[in-house]
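Chemist: Quick one: this structure, given as structure tokens, is what I'll be asking you about.
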Amino acid sequence: LVPPGAGHAKGRRYDEGEMSNTHQPFSSYWRRMALREQAGAIPAPCLYWQRRAGLNQVEQLIWERAHTAQRILDFGSGDQSLRRKFIAAGYRGAYETFDLSPEFPTTWTDPDAITGHFGVVLCLEVIEHMPLEAGLILRERLLSWVAPGGWLILSTPNPACIRSPFSGDETHVHLYPLHDLLTWALHSGLQVEARRFKLLPDRLTLGQHFRLFTQRVLCYLIGADRADSQLLLARRPASE
């Protein structure tokens, strides 16, 4: 199981040309390392992402932060399922979408044409499909679209998961440790929350319950993580 839209060519390859100093991973490396301890102290409870008609635990968390926004950008909107769920739940703002895949119609077909600011920018299961340099450039660009007081909400596979994040999708290229995502957000002056989540079917069989219990015990014994993905919820201060 993967979140809606994962596996599509969800984001643009932002790897043309040389990176600016702003996006160089080592241009502020030690300043970010100084924030590692603070990032490591941020709790990241584990939620469940279940494929269902209504909002699951992860989507409900996003809804609570996004439903009052006048404008949402879903960058890498995939099969548009989250947009449909939000509208069904009563969202009345402008839910704008971009995806590289032509399989579903989107608001934007060229990321360079996206204009203005958004109360919420979503980027769910996208950056792992890009090389590191491209992902670093993209997350800065995503942040540039967030209005003051707005949210950047980003999810990506968990490299600490006991099941390899590379095992489920041949287009996965690079993984991001959660503490590095949190450190980047803190370094960018954002207010930060974090979650991890486990991908599950809507209904579990007895055998699946047993496997989940076994996996949980094994993860505890060997120090691995059972969560398939991780969620960064970063809020831009209302006044900067």
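Chemist: Given the conditions (1) open to solvent by 50 Å² or more (accessible area, probe 1.4 Å); (2) in a loop (DSSP other than H, G, I, E, B), which single one is not true for residue 217?
Modeler: (2)
Chemist: Provide a single number: the residues in the range 103-135 that are without any contact (Cβ under 8 Å) to a residue 60 or more places away in the chain and touching a strand residue (DSSP E or B) at 6+ places or on another chain (Cβ under 6 Å).
Modeler: So the answer is 10.
Chemist: Looking only at the range 107-124, which residues are part of a loop (DSSP other than H, G, I, E, B) and under 16 Å from residue 234 (Cα atoms)?
Modeler: Selection gives 117 alone.
Chemist: Is it the case that some residue within the range 78-86 is exposed (fewer than 14 other Cβ atoms within 10 Å of the Cβ), in contact with a Lys or Arg (Cβ under 9 Å, 6 or more places away or on another chain) and of a type outside the set (Asp, Glu)?
Modeler: No, the range 78-86 has no match at all.
Chemist: Follow-up question, since we're still on this one. If you scan the range 126-153, which residues turn out to be part of a strand (DSSP E or B), open to solvent by less than 10 Å² (accessible area, probe 1.4 Å) and out of contact with any helix residue (DSSP H, G or I) (no Cβ under 7 Å at 6 or more places or on another chain)?
Modeler: 146, 150
Chemist: Looking only at the range 19-39, decide whether some residue is on the phi < 0 side of the Ramachandran plot, at pLDDT below 85, of a type in the set (Asp, Glu) and open to solvent by 60 Å² or more (accessible area, probe 1.4 Å).
Modeler: Scanning the range 19-39 turns up no residue that is on the phi < 0 side of the Ramachandran plot, at pLDDT below 85, of a type in the set (Asp, Glu) and open to solvent by 60 Å² or more (accessible area, probe 1.4 Å).
Chemist: Filter the helices (runs of 4 or more DSSP H) completely within the range 28-88 down to those with at least 1 residues that are among the aliphatic types (A, V, I, L, M) and within 20 Å of the chain's Cα centre (by Cα).
Modeler: Of the helices (runs of 4 or more DSSP H) lying wholly inside the range 28-88, those with at least 1 residues that are among the aliphatic types (A, V, I, L, M) and within 20 Å of the chain's Cα centre (by Cα) span 36-40, 57-66, 81-88.
Chemist: Still on this model: Quick one: which of 238, 227 is under 23 Å from residue 36 (Cα atoms), touching a strand residue (DSSP E or B) at 6+ places or on another chain (Cβ under 8 Å) and touching a residue at least 12 places away in the same chain (Cβ under 8 Å)?
Modeler: 227
Chemist: Follow-up question, since we're still on this one. For the condition more than 22 Å from the chain's Cα centre (by Cα) and either touching a residue at least 60 places away in the same chain (Cβ under 8 Å) or more than 20 Å from residue 179 (Cα to Cα) (or both), what is the one hit in 200, 212?
Modeler: 212
The values are calculated or read from the model by the stated rules, or taken from the named source; none is laboratory data. Remember, predicted model here, so these are calculated numbers, not experimental data. Glycine also receives a Cβ, built like all others from the backbone with ideal geometry; neighbour counts cover every protein chain displayed. Note: accessible area is taken over every heavy atom of the protein model, side chains too, but ligands, DNA and RNA are not part of it. Shrake-Rupley method; radii C 1.70, N 1.55, O 1.52, S 1.80 Å.
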